[in-house]
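The structure appears right after this line, and notes come after that.
The values are calculated or read from the model by the stated rules, or taken from the named source; none is laboratory data. None of these values were measured; they are calculated from a predicted model. When we count neighbours, we look across all protein chains shown, and the Cβ atoms used for this are built from the backbone with ideal geometry, even at glycine.
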Amino acid sequence: MQQINHIIQTQGSEIVQAIGQHIAISLVSLLIAALIAIPLAILLMNHRRAANVALQITSILQTIPSLALLGILIPLVGIGTVPSIIALVIYAVMPIFQNTYSGLTTIDPNLEEAAEAFGLSRQKKLVRVELPLALPMIISGIRIALVMIIGTATLAALIGAGGLGTYILLGIETNNNALLIIGAVLSAALALLFGAAIDWLGKLSFRRVGIVLGVVVVLIGGVAGYRHLVQPQATITVAGKLGSEPEILINMYKDLIEQDHPNIKVTTKPNFGATTFLFKALQSGSIDIYPEFTGTVLESLVKHESSASRNPQVTYQRAQKALKAQYQMAYLKPMKYQNGYAIAITQAFATKYHLKKISDLQRVAGKVHAGFDPDFYQQSAGYPGLSKAYGFKFGSVKTMEPSIRYQAIHHGKINLVDGYTTDPEVQEYHLVVLKDDQKFFPPYQGAPLMTEKLLTEHPELRTTLNKLAGRVSTTDMRKMNYLVTVKHHKAATVAREYLQKQGLLKTGN
């Protein structure tokens, strides 16, 4: 609870913003789904066969896994809010359509005949008799859809749409149960709150329901219009992957750009998603810049025939040339630190056996009890290749989820783990990172990635962002990650303080 309270106190504005994003995505999706499903049910209420076909189609769409649906939508409509809303609408149409159709087609025939006997036209009968009688069923369908939308909307964070899913994903990514609880509890609270609001709506008359929905539509449109008019349109959008490190880097980019070029407005989008999502967003123009690692470029983003190099400069040059040739992208100079694989051991184990390099493990391989990520344990670039390159086989090896292995070494269950050189847990648990003296692991240096088009329009960005070239050591980044992930300092503050300390940013900026 103390950790949760600290996060709420230090990140209160970000949490409120995430709640607002979650509500906006959910309500807009629900409104669009209702505008599709309710008229469709009305149109097909007297056409049973066509209604069954429509119901089957919506049911099939709802069985598509949400991640697969997002993957299908990204090449078509890009990344961010739009594909998230489309996916949520697809999931929400079925319960609203089904309940509306059932409500309209199960009305007592005697009431239908009475309405016709009074001489009501088809339209008046629908508005005065059928819809009011079907309203409880319609409201029930809307309630089911809304609860489903709020729960599924947490996945919107995977493609940069924000919302409370950001905290859930960060909690899983960083093994931070406090963030996980905040995201999950607030999502559940929203579902309960809006579910109660829908129940209250169901107790109102048909006319009052229409008035309330009209007010909601006006409010949503008004807020969106106000933000569009009041908030300045950003010239450059800088995004980052999930985690504290990318957020620190994009805030460094923002501070440097806005200091050197006050005429350029910069907006940041932290926790925008995984590598593939960010790269596609850069291609589509949804974002303008994001930090990427040299090793990741060669392994995941470009096609290249040359064998992997352990030389950081060669790796960068190959990545830069491939990005320019294949995607017309500019890859600026990298920073000093590398966020690559690392082998970490306890301080006690290192002291007892005088271990400083990975090759030193040859002397004590039988005494090593390792905990590895399943991928690291199986991949040739992981333990199998490492074991072959250094000529050792550990006494025992257990595979475990990344979030668990640091807890295991902290509690003495194991004495060696795989990780990344800038992991904040290295500092938190006082671990020793062994030097890769055989240079087995490929280099992973971070550098700004953007399109050639952006650099042509703003050539000044090269000089500004290259101020970080050769700077930020592994120790520096590990300490900054520790401050953000463990101490819960704001990434923007940590980034600004580092730049000021290095003389890259004027004090007071």
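Please pick out the residue among Glu112, Glu130 that is modelled with pLDDT of 85 or more, among the charged types (D, E, K, R), under 19 Å from Leu43 (Cα atoms) and over 42 Å from the mean Cα position of the chain (by Cα).
Answer to the selection: Glu130.
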- Message: Tell me whether the range 423-441 contains one or more residues that are within 22 Å of the chain's Cα centre (by Cα) and of a type in the set (Ser, Thr, Tyr).
- Response: no
- Task: Find the residue count for the range 212-252, including only residues that are part of a helix (DSSP H, G or I) and at pLDDT 80 or above.
- Result: 9
- Message: Step by step: first the residues of the range 287-318, then only those that are touching a strand residue (DSSP E or B) at 6+ places or on another chain (Cβ under 6 Å), over 16 Å from Phe441 (Cβ atoms) and not aromatic (Phe, Trp, Tyr), then the one that is modelled with the lowest pLDDT. Which residue is that?
- Response: Ile287
- Note on the structure: Picking from Asp476, Asp418, the residue that is at pLDDT 90 or above, of a type in the set (D, E, K, R) and assigned to a strand (DSSP E or B) would be Asp418
- Pick from Gly508, Gly446, Gly470: which is more than 30 Å from Thr351 (Cβ to Cβ), part of a loop (DSSP other than H, G, I, E, B) and modelled with pLDDT of 90 or more? Gly470
- Message: Given (1) within 23 Å of Lys479 (Cβ to Cβ); (2) assigned to a helix (DSSP H, G or I); (3) outside the structural domain of Phe392 (by TED's automatic domain parsing), identify the lone condition not met by Ala348.
- Response: (3)
- Query: What are the residue pairs meeting all of these: first residue in the range 9-36, first residue free of Cβ contacts under 8 Å to residues at least 40 places away in the same chain, second residue in a helix (DSSP H, G or I) and surrounded by fewer than 16 Cβ atoms within 10 Å (Cβ to Cβ), Cβ atoms under 8 Å, and 6 or more apart or on different chains?
  - Reply: none
- Task: Mind listing whichever residues of the range 99-120 are surrounded by fewer than 22 Cβ atoms within 10 Å (Cβ to Cβ) and part of a helix (DSSP H, G or I)?
- Result: Ser102, Thr105, Pro109, Asn110, Leu111, Glu112, Glu113, Ala114, Ala115, Glu116, Ala117
- Task: Considering only the range 323-347, state which residues are more than 27 Å from the chain's Cα centre (by Cα) and free of Cβ contacts under 8 Å to residues at least 40 places away in the same chain.
- Result: Ala325
- Note on the structure: For Lys333, the lone unmet condition from (1) in the same structural domain as Lys280 (by TED's automatic domain parsing); (2) in a strand (DSSP E or B) is (2)
- Message: Here is a check on your reading of the model: is Ser403 under 25 Å from the mean Cα position of the chain (by Cα), surrounded by fewer than 21 Cβ atoms within 10 Å (Cβ to Cβ) and not β-branched (Val, Ile, Thr)?
- Response: yes
- Query: For the range 354-386, which residues satisfy the criterion of being surrounded by 15 or more Cβ atoms within 10 Å (Cβ to Cβ), over 34 Å from the mean Cα position of the chain (by Cα) and closer than 15 Å to Lys435 by Cα?
  - Reply: Leu355, Ile358, Ser359, Asp360, Leu361
- Query: Name the residues in the range 5-34 that are part of a helix (DSSP H, G or I) and either outside the structural domain of Val217 (by TED's automatic domain parsing) or among the polar types (S, T, N, Q) (or both), would you?
  - Reply: Asn5, Gln9, Thr10, Ser13, Gln17, Gln21, Ser26, Ser29
- Task: Kindly establish whether Gly141 is over 25 Å from the mean Cα position of the chain (by Cα), in a helix (DSSP H, G or I) and either outside the structural domain of Ser205 (by TED's automatic domain parsing) or in contact (Cβ under 8 Å) with a residue 12 or more places away in the chain (or both).
- Result: yes
- Check on Leu256, in a helix (DSSP H, G or I), among the aliphatic types (A, V, I, L, M), modelled with pLDDT of 90 or more and more than 18 Å from the chain's Cα centre (by Cα): yes
- Selection over the range 405-427 where residues are over 16 Å from Ala365 (Cβ atoms) and touching a strand residue (DSSP E or B) at 6+ places or on another chain (Cβ under 8 Å) yields a count of 11
- Query: Yes or no: Gln326 touching a strand residue (DSSP E or B) at 6+ places or on another chain (Cβ under 6 Å) and assigned to a helix (DSSP H, G or I)?
  - Reply: no
- Message: Among the listed residues Lys388, Lys393, Lys398, Lys413, identify the single one that is among the basic types (Lys, Arg), at pLDDT below 95 and assigned to a strand (DSSP E or B).
- Response: Lys398
- Message: So for the range 60-72 (the condition being hydrophobic (A, V, I, L, M, F, W, C), modelled with pLDDT of 90 or more and crowded, with 19+ Cβ neighbours inside 10 Å), does at least one residue qualify?
- Response: no
- Task: Could you tell me which of the residues Gln9, Gln21 is closer than 26 Å to Val494 by Cβ and loosely packed, with under 15 Cβ neighbours inside 10 Å?
- Result: Gln9
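Residues are listed down the side, and each one gets a yes or a no for (1) among the small types (Gly, Ala, Ser); (2) out of contact with any Ser or Thr (no Cβ under 8 Å at 6 or more places or on another chain); (3) surrounded by 16 or more Cβ atoms within 10 Å (Cβ to Cβ):
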site	(1), (2), (3)
Asn271	no, no, yes
Ala274	yes, yes, no
Phe277	no, yes, yes
Ser286	yes, no, yes
Tyr290	no, yes, yes
Thr294	no, no, yes
Glu299	no, yes, yes
Lys303	no, yes, no
Ser306	yes, yes, no
